[in-house]
1. Got a number for residues in region 243-257 being polar (S, T, N, Q), within 21 Å of residue 92 (Cβ to Cβ) and surrounded by fewer than 24 Cβ atoms within 10 Å (Cβ to Cβ)?
2. For region 35-51, which residues satisfy the criterion of being among the polar types (S, T, N, Q) and either within 11 Å of residue 210 (Cβ to Cβ) or surrounded by 14 or more Cβ atoms within 10 Å (Cβ to Cβ) (or both)?
3. State all residues of region 93-106 that are touching a His at 6+ places or on another chain (Cβ under 8 Å) and crowded, with 17+ Cβ neighbours inside 10 Å; if no residue qualifies, say none.
4. Does region 224-270 hold any residues that are on the phi > 0 side of the Ramachandran plot and part of a strand (DSSP E or B), and which are they?
5. Would you check if there is a residue in region 222-237 being touching a residue at least 60 places away in the same chain (Cβ under 8 Å) and acidic (Asp, Glu)?
6. Contact list please: Cβ distance under 7 Å, first residue in region 73-90 and part of a strand (DSSP E or B), second residue of a type in the set (Val, Ile, Thr), pairs at least six apart or on different chains.
7. Looking only at residues that are closer than 25 Å to residue 105 by Cα and in a helix (DSSP H, G or I) in region 30-68, which one is farthest from the chain's Cα centre (by Cα)?
8. Are any residues in region 193-220 in contact with a Ser or Thr (Cβ under 6 Å, 6 or more places away or on another chain) and over 19 Å from residue 242 (Cα atoms), and if so, which ones?
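The values are calculated or read from the model by the stated rules, or taken from the named source; none is laboratory data. These figures come from a predicted structure and were not determined experimentally. Cβ placement follows ideal geometry from the backbone for every residue including glycine, while neighbour counts extend to all protein chains displayed.
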Amino acid sequence: MTQTLESAPSGVQVPAQGRADRTRSFSVDAFPAVTGREEEWRFTPVRKLADLLEPASQTAALTFGETLPDGVTVETIDLAAAQAHGVLAPEDRPAALAAAHAAGVRHYHLADGVELAEPVIVHADGNDATVHGHVLITVGRHSKATFVLEHEGRARYSELLSVVVGDGADLTLASLQLWEDGSVHLGQHDALVGRDAKYKHIAVSLGGDIVRLNSNVRYSGPGGEAEMLGLYFADAGQHLEHRTYVDHNTPKATSNVMYKGALQGKDARSVWVGDVLIRPEALGIDTYELNRNLILTDGARADSVPNLEIETGDIEGAGHASSTGRFDEEHLFYLMSRGIGESEARRLVVRGFFNEVIQKIGVEEVESVLHDRIEEELARSVL
């Protein structure tokens, strides 16, 4: 049985091409030039990204600062060595360019059977440069770790982040986009999840002019679990775009996707596209994806496009939901009837809206940053 469920803005024609048909390659020549008319680029301000969509004449690098607990190593390796770890190949042109022009692959490794009590903190600063980068995280069999990647400063950054989670391992990975104004971040985050392994990916986008992240999961054995959480807050003129893809290619795997975003100000823009492919061999899987958007002011726009491709009838469950709307007037009325002013009541609703995602993160360092940054957003809001 093949069933394709798609959602798109009224009047937009969505090609029938499935995710399994898309090119994956480390060769830049395998991908045509990006025009903005392609299905996967139709929401993106491509003309503002020209320097990240063509080969680079110069190679710069981010400045990294790290807190590495015992058991974690970091080294710079070449692309061939990274491929030997079984990393997934890029699925679009900027990711292939990032791999081709990166000044080596920054490889973080956790050996088999190691459980970290403290998170790995990686702080990356942009240095006001145009950067192509490739980061690889490998987690050994039956190991457990949390990685937090913080991006700050100003940069035009094209990134390939490759993740390999060993059999029986448990990895939580948080990527925080806290860029200064004027920054651009194109990223592809690819995870290969082993047999009976657990993988939690957290994408937080609060800073930068344009952020476009593709977060993808594929399984290398049955029984894998993937959870993908996202939180974003777009201000005037910001474009924050998140695309998730779960490739269910093994039996008995599960996936759960939850992204929430708020928007305020003229031309604030968010995009979420969630793709799930359930292949014929993916028997007994269970998957769900959800996106919610809260529009705080006039002039903001959110696009939400969930897609399911189902190629087998033997599954436990598959579903999706998305919504975009303004404040719940009943919530506001309830709070105001108890003596809370309208402005503060609206802020409480926003905090509550995000709290469902924040509670699922489970990383104190990330939750602390989110609470502080959301308060900063609300302090300068026009609610």
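1. Of the residues in that region, 1 qualify.
2. First pass over region 35-51, keeping only residues among the polar types (S, T, N, Q): 35, 44.
Of everything in region 35-51, just one residue is among the polar types (S, T, N, Q) and either within 11 Å of residue 210 (Cβ to Cβ) or surrounded by 14 or more Cβ atoms within 10 Å (Cβ to Cβ) (or both), namely 44.
3. 97, 98, 99, 100, 101, 102, 105, 106, listed by residue number.
4. To start, the set of residues in region 224-270 that are on the phi > 0 side of the Ramachandran plot comprises 237, 252, 265, 267.
The answer is none; no residue qualifies.
5. Yes; the residues of region 222-237 include at least one that is touching a residue at least 60 places away in the same chain (Cβ under 8 Å) and acidic (Asp, Glu).
6. These pairs meet every condition: 76/105; 77/105.
7. 30
8. 194, 219
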